[in-house]
Amino acid sequence: MTEQRIEEHCRKISKEVLQLPGPLEFHLEPLQDGLNFMSDSFFVDIKNREGLTNLFVKVPPENGNVRQLFFEMMPENCCMFEREFYFYNSLCKLFQTVIEDQNQSVEDILNFLPIPLTLPGKMSLSRGVKEPLVFENLSTSGFRMWKDEFIGLDMEHARIAMQTFGKLHALGLVLHEAKIIQDDNLLQLLNLDITKTFGAFLLEKADEGMEAFIKWMTEHNVDSGSILELEHQLKDRNYMKMMSEMFKEGKLHELQVVLHGDARSNNMLFKYDSRG
């Protein structure tokens, strides 16, 4: 069902956005399990008489897999797909506005963000869930995921990642200062209280993670003060109280930025040439 819905949507994108002449042939290949955390993702190849067009498509998980189990355990106010849809289709346009107002090059500054291929129409929260998020398949242009997210980035890749997130934070800072966001849905999505996204499932996993840390630290003779502090945070879930206090403090800070929220290495693409 997911594949059929994606093919039908990509057919519309081909005609209304890309304006590809027919007849069109579609081939879908799912992204490898373990690389697409909270979504069902597909590479879509579209073939016609002019050649091959390569797309990348994301939808909420709905194939009865582990991703769907995790997704359905998240509180409703997380709005993960709605937020991503608005980021690429609304917020990025506002980024363009503030860049142009400073007489800077939009292409040079926003070159780290993929361009969405979206059907025309009014923005709404429901589109973020019902409508697949479509991009050019950047892997055909030399972009790749980091080889192993559990190892972590090396210094060169980490430097590139930090520079790129610096761009995102700077753009968010300028956008907040410009006060040009008028869409109530976008304002709501940007002003998420992260502490309210922790439902019973995530709290249980956080507990288990902290218990594992404490066990490892005890077995490896780590400083007892550090272990006691971690045990204090785990007791009565004091870590949630600490996070809530830090979140409130951050919302009052003079520097307000747009936070990525899931800056794992698997959520970054690096471009390589023939020399690597």
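The values are calculated or read from the model by the stated rules, or taken from the named source; none is laboratory data. Nothing here was measured: the structure is a model prediction, and the numbers come from that model. For neighbour counting, all protein chains shown are included, and Cβ atoms are generated from backbone atoms with ideal geometry for every residue, glycine included. The accessibility values were calculated without ligands, DNA or RNA, using every heavy atom of the protein model including side chains. Shrake-Rupley method; radii C 1.70, N 1.55, O 1.52, S 1.80 Å.
Here ASP262, ASP236 are screened, and the one residue that is in a helix (DSSP H, G or I) and not aliphatic (A, V, I, L, M) is ASP236. MET243 meets all of the listed conditions (1) in contact (Cβ under 8 Å) with a residue 12 or more places away in the chain; (2) open to solvent by 40 Å² or more (accessible area, probe 1.4 Å); (3) farther than 30 Å from LEU173 by Cα; (4) part of a helix (DSSP H, G or I) but one, namely (3).
The requirement of being touching a strand residue (DSSP E or B) at 6+ places or on another chain (Cβ under 7 Å) and assigned to a helix (DSSP H, G or I) is satisfied by THR140.
Quick check, is GLU177 open to solvent by 60 Å² or more (accessible area, probe 1.4 Å), within 19 Å of GLN96 (Cα to Cα) and part of a helix (DSSP H, G or I)?
yes
Residue selection: GLU211 satisfies the criterion of being closer than 27 Å to ILE151 by Cα, open to solvent by 90 Å² or more (accessible area, probe 1.4 Å), in contact (Cβ under 8 Å) with a residue 12 or more places away in the chain and charged (D, E, K, R). For region 251-276, how many residues meet the condition of being loosely packed, with under 10 Cβ neighbours inside 10 Å and aliphatic (A, V, I, L, M)? Number of matching residues: 1.
Scanning region 222-230 for any residue that is surrounded by 14 or more Cβ atoms within 10 Å (Cβ to Cβ) and within 26 Å of LEU168 (Cβ to Cβ) turns up nothing.
A search for C-beta distances below 8 Å between a residue of region 147-168 that is closer than 13 Å to ASN267 by Cα and in a loop (DSSP other than H, G, I, E, B) and any residue that is modelled with pLDDT of 90 or more and hydroxyl-bearing (Ser, Thr, Tyr), counting only pairs 6+ apart in sequence or on different chains, returns nothing. All told, PRO61 falls short of being over 23 Å from ASN266 (Cα atoms) and under 20 Å from the mean Cα position of the chain (by Cα). Of all positions in region 131-140, none carries a residue that is modelled with pLDDT of 90 or more, hydrophobic (A, V, I, L, M, F, W, C), open to solvent by less than 90 Å² (accessible area, probe 1.4 Å) and more than 18 Å from the chain's Cα centre (by Cα). Among the residues that make up region 194-209, is at least one of them modelled with pLDDT of 90 or more, small (Gly, Ala, Ser) and outside any helix (DSSP H, G or I)? Looking for residues that are modelled with pLDDT of 90 or more, small (Gly, Ala, Ser) and outside any helix (DSSP H, G or I), one finds none in region 194-209, hence no. Residues in region 189-208 that are of a type in the set (S, T, N, Q) and in contact (Cβ under 8 Å) with a residue 24 or more places away in the chain: THR195, THR197. From LYS196, LYS248, which residue is over 30 Å from LEU138 (Cα atoms), open to solvent by 50 Å² or more (accessible area, probe 1.4 Å) and over 19 Å from the mean Cα position of the chain (by Cα)? After ruling out the rest, the residue left standing is LYS248. Looking at region 1-116, the strands (runs of 3 or more DSSP E) lying wholly inside it that each contain 3 or more residues that are under 27 Å from LYS147 (Cα atoms) and open to solvent by less than 20 Å² (accessible area, probe 1.4 Å) sit at 40-48, 51-59.
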